[in-house]
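*Asks:* Dropping the structure in here first, questions after.
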């Protein structure tokens, strides 16, 4: 990358451009050192290539319904990129491309953008890249910035989404589709890259279908983003950001573990991001070896109750006390209580009661609960009872996400251990400490893996648009091999879709990839958890290293899913 | 360091010793890579040296009282190590030395121990190093382990205190001094190294005095430990662990800042460890440039009220809203409310009332509060009022440390902004997110600085004991220079002391080093804070790097205090 010119894009007011090509102030030394970190490309992207169509595709489920929802795109092939001779190469031409970040932050988003940009610079001289500001709303409102080398440079290999920011709006109504089309026409866009999670990629495909049905020339390509790791399939082995976020959380968990062992008197209950799936919690467990790990998918599959979960934790604590260990570390996925059927039942009953009935202080309202829900409600710590009654969203519903599950479990375990102490079944000391690791991991400096992976995703998105493809998600595979050997292609978004019935209508969805109880990562964890529970086999991953022998290691989930041992 | 043999010391059950000399399992790759990290020594420690006495010393305050409390040791000189010829060198002899970790964890403690050990191996062949287990109680109970190369190896450059663990007991009563002396005699100890904070080093000096008065041969040397950074003086420029802990917190703050800027809708209130002094908060501010930083010492000096603090934050938020920024990051020292005089007053009144009176639901008890305290109490959010009434320690006192200051401030700021909104003085949106960064930083892998500094402290402690010194604290200076040029010596602990009157008696104390409002770090912050408040000059320090060009950087506080610019 060339030396940077002066940058004044509003976000990085202090970033300066010294003659060395590095930013002297406004950035930390580590940030600075990342700016010129060079990113290897998969071999296939480095020379002449061709884009080869695969066989016609179907859908992940209900292909007939998907075919109705995507009449133009359904059945189109996924594609692979293979080495080609320079004769068959895509003819260089100047393109107008838009890019948008959609949804929550994930480390590496900036590198997807710079990857697209670099492709256009390398192979499509004279192109223009528009960054839509603030997510999909930026497309609808035509709010954008023209991305230049100087604009992009300070964000290379940096965390966050602040280059163009993100948003959670959706392009859903006919009016919104029209707004998006108007912007595409006005800017004469050849293509649009949507960087987002499952919902955003579903949206990207709807937009591709819509543009195609209107005979617009604008193609739409998706890129898989989410720290939660729940957007993946055979062709898309991982979503970007998962690697970095898990490594940041694991660094902190490792530190807390060493603290627990050194102090010898606290149980640390650590809640981790991941509302729908427990991949982050599982990956952090594989990296650090905690004493207890709760995996939502297992809790749901075994139809466990909150009492079951409490008892499991208490059992481990009691056994450890017999070994003289009155400390430990327990990992909890953010979405845990969403996986517990009885809690779902209680919450839906509460929503009904709170919407229609007066909640009297004497508690007569509780008689409206079913016996099972009443029993569960009374089992909950008082603070959680209050939270359930008081914290409601604008629709009057209980806000499950606001419940501090780690604090709830500490109180419930404390109560259970007190009972066991009275019965002389437990003689230890219990002190709980709660932690929530969330925002700290979404915007860290991307790991070498995420930085390289995102660059390849963006570069590949450039190829796909250049070759006139639409409705595909950029897919880079063989990720455990050296970067040179990574495979590159585009997967038909419709092939990842199923339908869900909402308000009497079929809606297309890319199903979230949950933790597979038959998958290698979960099985690895199960094979180890009894040993981890009682012995102290803690591992401290330490801070992410960007140089040196440990810098290029990939996360355990990905390696195990690709069939490697860890 | 030689290849490791099999280790089975109870804590690291999974650590194995492959033939490569590295640990194949049980450790992460980064942990492994740190084991053989080589530590440079100050030049003076690398060849023949002599220990040179300085002039007689006095005390930090009330020298007459200190002289009475330390009749044997008062007035003894501090010492410097200077190059010597081999003729004047200390005669090699086998020593029996004990070492103890006292108080909370700080990154680098293990390296102090390995530094002592390496000195004994290098210069005092045949020596024995005893590690007292679980803090000072280990001395009193004679609970120890003999430290061998194999035992120490897995802890080299690792975080935590789990090699021998720590404890908070004190050696205070005549009976306890006798127990300590009995252990010293039984083990025939030539010396004891106490690794701890201000209290523990005061204790070390009392022990040195006690042993001297009993004509025991056992010398006592202290080492300055605390992440809080409040044990320092002219001769002891910093306590170990501060550098690493601040870098870990700053990494997380930096990530949260990028998240705040990317999301654009949250104010993050981050509480940081440091109950007595605000050094950690100040250092993290210098590293990251938050919008608001509260420094307890300034709040106290200006006699600010909680309302003043709330208004200050609200003012910044209102001004930022005018620029369109409805997000930001606010740093709060753990001990903030201890610095607010009116809060102290309220708490002491509450302690009195709670001890003697019935607290009625109707609130008649509140009439016992002075008008100012009543006003403050009513100003507090309800959750904090309840916490003040309910959370009490075994003596019935309000537990100030349990108050989640960051949550309290969010609620108070929210209320204030609502008032301003009604008065049309604020048109923004406010959403607060709370964080507490504490345990995550105490046991991280030590930075290169802390690893090297601790090794030098330990090595120097070995020299001091070898040369027969007692009642000194190992002191390593000139820390901004290359390691080769670091100065090494021992400072008379009595010279750091003053007295405090407790229960009618004078007690010796090493005064905690507070943030100096006239000091360079605070002044630097003051010169920048208005710009930081309104502009977004966030810096993301990133994860600690152990190799590469950014690995050896020292923290800003230390550099500024040593007269350097940052």
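*Asks:* Report yes if some residue within segment A:168-191 is within 14 Å of another protein chain (Cβ to nearest Cβ), assigned to a loop (DSSP other than H, G, I, E, B), touching a strand residue (DSSP E or B) at 6+ places or on another chain (Cβ under 9 Å) and surrounded by fewer than 24 Cβ atoms within 10 Å (Cβ to Cβ); otherwise report no.
*Replies:* Kept after step one, since they are within 14 Å of another protein chain (Cβ to nearest Cβ), are these residues of segment A:168-191: A:168-169.
Subsequent filtering for residues that are assigned to a loop (DSSP other than H, G, I, E, B) retains A:168-169.
Imposing the further condition that a residue be touching a strand residue (DSSP E or B) at 6+ places or on another chain (Cβ under 9 Å) reduces the set to A:168-169.
Narrowing the set further to residues that are surrounded by fewer than 24 Cβ atoms within 10 Å (Cβ to Cβ) leaves A:168-169.
Looking through segment A:168-191, at least one residue is within 14 Å of another protein chain (Cβ to nearest Cβ), assigned to a loop (DSSP other than H, G, I, E, B), touching a strand residue (DSSP E or B) at 6+ places or on another chain (Cβ under 9 Å) and surrounded by fewer than 24 Cβ atoms within 10 Å (Cβ to Cβ).
*Asks:* Which condition does residue B:235 not pass, out of (1) touching a strand residue (DSSP E or B) at 6+ places or on another chain (Cβ under 9 Å); (2) modelled with pLDDT of 95 or more; (3) surrounded by fewer than 23 Cβ atoms within 10 Å (Cβ to Cβ); (4) part of a loop (DSSP other than H, G, I, E, B), if it passes all the others?
*Replies:* So residue B:235 meets the others, but not (2).
*Asks:* For residue A:118, indicate whether it is within 26 Å of the chain's Cα centre (by Cα), away from every other protein chain (no Cβ under 11 Å) and at negative phi.
*Replies:* Yes: the conditions hold for residue A:118.
*Asks:* I'm trying to understand the selection: among the residues of segment B:252-283, which are away from chain A (no Cβ under 13 Å) and in a helix (DSSP H, G or I)?
*Replies:* Residues satisfying the conditions are B:279, B:280, B:281, B:282, B:283.
*Asks:* A follow-up question, please. For residues that are surrounded by fewer than 24 Cβ atoms within 10 Å (Cβ to Cβ) and in a helix (DSSP H, G or I), scanning just segment A:464-484, find the one that is farthest from the other protein chains (Cβ to nearest Cβ).
*Replies:* Among them, the one singled out is A:466.
*Asks:* Which members of segment A:504-533 meet the condition of being in contact with a helix residue (DSSP H, G or I) (Cβ under 6 Å, 6 or more places away or on another chain) and within 12 Å of another protein chain (Cβ to nearest Cβ)?
*Replies:* If the condition is that a residue be in contact with a helix residue (DSSP H, G or I) (Cβ under 6 Å, 6 or more places away or on another chain) and within 12 Å of another protein chain (Cβ to nearest Cβ), then no residue fits.
*Asks:* Regarding residue A:286, is this residue more than 14 Å from every other protein chain (Cβ to nearest Cβ) and at pLDDT 95 or above?
*Replies:* Here the answer is no, as residue A:286 does not meet what is asked.
*Asks:* A further question follows. Does residue A:511 satisfy the criteria of being surrounded by 15 or more Cβ atoms within 10 Å (Cβ to Cβ), within 24 Å of the chain's Cα centre (by Cα) and modelled with pLDDT under 95?
*Replies:* yes
*Asks:* Consider residue B:563 against the criteria (1) surrounded by fewer than 18 Cβ atoms within 10 Å (Cβ to Cβ); (2) in a loop (DSSP other than H, G, I, E, B); (3) within 14 Å of another protein chain (Cβ to nearest Cβ): it satisfies all of them except one. Which criterion is unmet?
*Replies:* Answer for residue B:563: the failing condition is (3).
*Asks:* Pull up segment B:129-155, narrow it to residues that are within 14 Å of chain A (Cβ to nearest Cβ) and under 24 Å from residue B:466 (Cβ atoms), then point me to the one that is surrounded by the fewest Cβ atoms within 10 Å (Cβ to Cβ).
*Replies:* Residue satisfying both the conditions and the ranking: B:131.
*Asks:* Sticking with this structure for a sec: Got a number for residues in segment A:534-559 being more than 21 Å from the chain's Cα centre (by Cα) and either facing chain B (nearest Cβ under 7 Å) or farther than 21 Å from residue B:107 by Cβ (or both)?
*Replies:* 14
*Asks:* Kindly indicate which of A:159, A:109 is more than 22 Å from residue A:205 (Cα to Cα), within 13 Å of another protein chain (Cβ to nearest Cβ), surrounded by 24 or more Cβ atoms within 10 Å (Cβ to Cβ) and in contact with a helix residue (DSSP H, G or I) (Cβ under 9 Å, 6 or more places away or on another chain).
*Replies:* Only one candidate qualifies: A:159.
*Asks:* Hey, another quick one. Would you confirm whether or not segment A:319-326 contains a residue that is more than 14 Å from chain B (Cβ to nearest Cβ), over 29 Å from residue A:480 (Cβ atoms) and in contact with a helix residue (DSSP H, G or I) (Cβ under 7 Å, 6 or more places away or on another chain)?
*Replies:* Yes.
*Asks:* Among the residues of segment B:298-350, which ones are touching a strand residue (DSSP E or B) at 6+ places or on another chain (Cβ under 6 Å), closer than 27 Å to residue B:369 by Cβ and assigned to a helix (DSSP H, G or I)?
*Replies:* Correct list: B:313, B:347, B:350.
*Asks:* Would you mind listing the helices (runs of 4 or more DSSP H) fully within segment A:370-462 where at least 3 residues are surrounded by fewer than 21 Cβ atoms within 10 Å (Cβ to Cβ)?
*Replies:* A:371-379, A:382-390, A:405-422
The values are calculated or read from the model by the stated rules, or taken from the named source; none is laboratory data. Please read these numbers as outputs of a predicted model, since none were measured by experiment. All Cβ positions, glycine included, derive from the backbone under ideal geometry; neighbour counts span all protein chains shown.
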